[in-house]
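Derivation of every value follows stated rules applied to the coordinates shown; laboratory data play no part. Since we're looking at a predicted model, the values are computed, not measured. Don't worry about glycine lacking a Cβ; one is built from the backbone with ideal geometry, like all the others, and counts go over all protein chains shown.
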Number of protein chains: 2
Amino acid sequence: MNIAVLGTGVTGETIGTKLIQLGHEVMLGSREAANAAAVAWAKDAGQHAVYGTFQNAAEFGEIIFNCTLGSASLEALEQAGAENLKGKILIDTSNPLDRSTDMWTLTVCNTDSLGEQIQRAFPETKVVKTLNTVNANVMVDPAKLLERTHVFVSGNDIEAKATVVRILRDWFGWREIIDLGGSVEMYVLLWHSLRNAISSQRFNIKVVTS
Amino acid sequence: MNIAVLGTGVTGETIGTKLIQLGHEVMLGSREAANAAAVAWAKDAGQHAVYGTFQNAAEFGEIIFNCTLGSASLEALEQAGAENLKGKILIDTSNPLDRSTDMWTLTVCNTDSLGEQIQRAFPETKVVKTLNTVNANVMVDPAKLLERTHVFVSGNDIEAKATVVRILRDWFGWREIIDLGGSVEMYVLLWHSLRNAISSQRFNIKVVTS
């Protein structure tokens, strides 16, 4: 499948590399056509890895991963173009973080979320929020943790969510997937505190019932 | 030990009853001296259970649990009186929730928190935030869940946190306690979504590492 990954940070490259390993054609999208990180990534990742602008990538992808920084996501998607995102599933992994200080804060929270902002800005795109509660290495390889943990999906389109659940399960190896109504972005600040408390980014939460 | 529990809702009564079972003297505090719920609770809970105003309770308690609704906590603590809280540990279980609609929102979040507001308002009290990430029945009986899960503490006073860790462990049976820097209140909205997703309040999260 042709897949677009928007964003050339650790998340974009990690997901892009995993998708290549799974046999997909991946275009890594960025602000510039020949972003240095994207060029280096494509060279390492082999012949099925290409790069281009956000617009090139969105045109190319049948499914699109948003792996841009949350603070830049709306602008990146504007550059990708509503026409190129129309009718497609957008898997939104971003968190609306302001990381300009050691104390992370959110740029949107409580009564609204970045996922909802993106859905409102691109009403003809099927936005599914997921994977934003774990670090990139956990996203694509949850089995590396000592136990099965949970990942969450949220979004308005039931069929799109079902497709994303299959992607999470069959491609990335997630076994415990919970469909939430929303409100998953604010967890990131607890994640940040946990990361500092346990001095590791390689962790996740498991929901335990009685 | 003489312990004050501020708030006569499910959390206050559940914690109060547990403390009575552990052999403590408990005063349940509320806005009025003879709150109907407090009177009924004390009658059920036996001779070591008493009730009074927030002020009576704060005077009585060597340790104070804040189990009021987050939206009412600062006012309840004002009524309790800074002099009666001075030098004491305040175990703050509250969440700053506006539950006036089905979609819960927070009254304070992101760059501030209710726990920090309370600490600023009562600088001579040792505020330790904990237990606000679980339902009342899980607070006092975490062993009822299928696996060991995590509870978090945060606060500025190291000795007070150590005392609260002992209380959580020796009185309530918590075995996995993580000292966070902060930011634990915003998790409550994920908790709310999880509650709706799994149709149960009897759950908690476990932090799983690699």
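A few comments on the model shown:
- Expressed to the nearest 5 percent, the antiparallel share of DSSP beta bridges inside the protein assembly as shown is 25 percent.
- Evaluated on the protein assembly as shown, the Kirkwood hydrodynamic radius is 22.9 Å, with distances taken between all distinct Cα atoms.
- Spatial separation of Cα centroids for the stretch A:22-57 and the stretch B:59-114, in angstrom: 51
- In this structure the amide hydrogen of A:Ile205, modeled in the peptide plane, comes within under 5 Å of the amide hydrogens of A:His150, B:Val208, none closer than 5 places in sequence on its chain.
- D_trans [Stokes-Einstein, Kirkwood Rh over alpha-carbon pairs] for the stretch B:45-113, 4 °C, 1.567 mPa s, µm² s⁻¹: 96
- Projecting the Cα atoms of B:Thr163, B:Thr133, B:Ala197 onto the charge dipole of the stretch B:96-210, computed from C-beta unit charges around the Cα centre, puts B:Ala197 farthest toward the positive end.
- Per-selection Rg to Rh, the stretch A:13-57 - Cα, Kirkwood hydrodynamic radius: 0.93
- Pairs of Lys residues in chain A are counted when their Cα atoms are under 27 angstrom apart and they lie 8 or more places apart or on different chains; the count is 22.
- Between the helical axis of B:36-45 and the longest alpha-carbon principal axis of chain B there is an angle of about 90 degrees.
- For B:Tyr187, B:Tyr51, order by how many other beta-carbon atoms lie within 10 Å, fewest first: B:Tyr187, B:Tyr51
- Of B:Ser94, B:Ile177, B:Ala82, farthest towards positive along the dipole that unit charges on Lys, Arg, Asp, Glu beta carbons give the protein assembly as shown: B:Ile177
- Hull volume in cubic angstrom per residue (convex hull over the Cα atoms of chain A): 127
- Spin-label model distance (nm) - B:Arg169 vs A:Ser210, 7 Å beyond Cα toward Cβ: 2.6
- The Rg/Rh ratio for the stretch A:15-86, using Cα coordinates for both the radius of gyration and the Kirkwood hydrodynamic radius, is 0.95.
- Theoretical FRET efficiency, 1/(1+(r/R0)^6), r = Cβ-Cβ of B:Glu62 and A:Ala72, R0 56 Å, to 0.05: 0.60
- For chain B, the 222 nm mean residue ellipticity estimated from helices alone, with every DSSP H stretch of n ≥ 4 adding -39500 (n - 2.57) and the total spread over all residues, rounds to -10000 deg cm²/dmol.
- Cβ-derived FRET efficiency at R0 25 Å, B:Arg120 paired with B:Ala33, nearest 0.05: 0.30
- For the stretch B:108-210, fraction of C-alpha pairs farther apart than 21 Å, in %: 37
- Sequence-distant residues sharing a close amide H with B:Glu176 (under 5 Å, placed H): B:Val151
- Cut-off 11 Å (backbone N to label point 7 Å along Cα→Cβ of B:Lys86), residues of the stretch B:1-36: none
- In this rough spin-label picture, where each label sits 7 Å from Cα along the Cβ direction, the B:Gln21-B:Asp112 distance is 3.8 nm.
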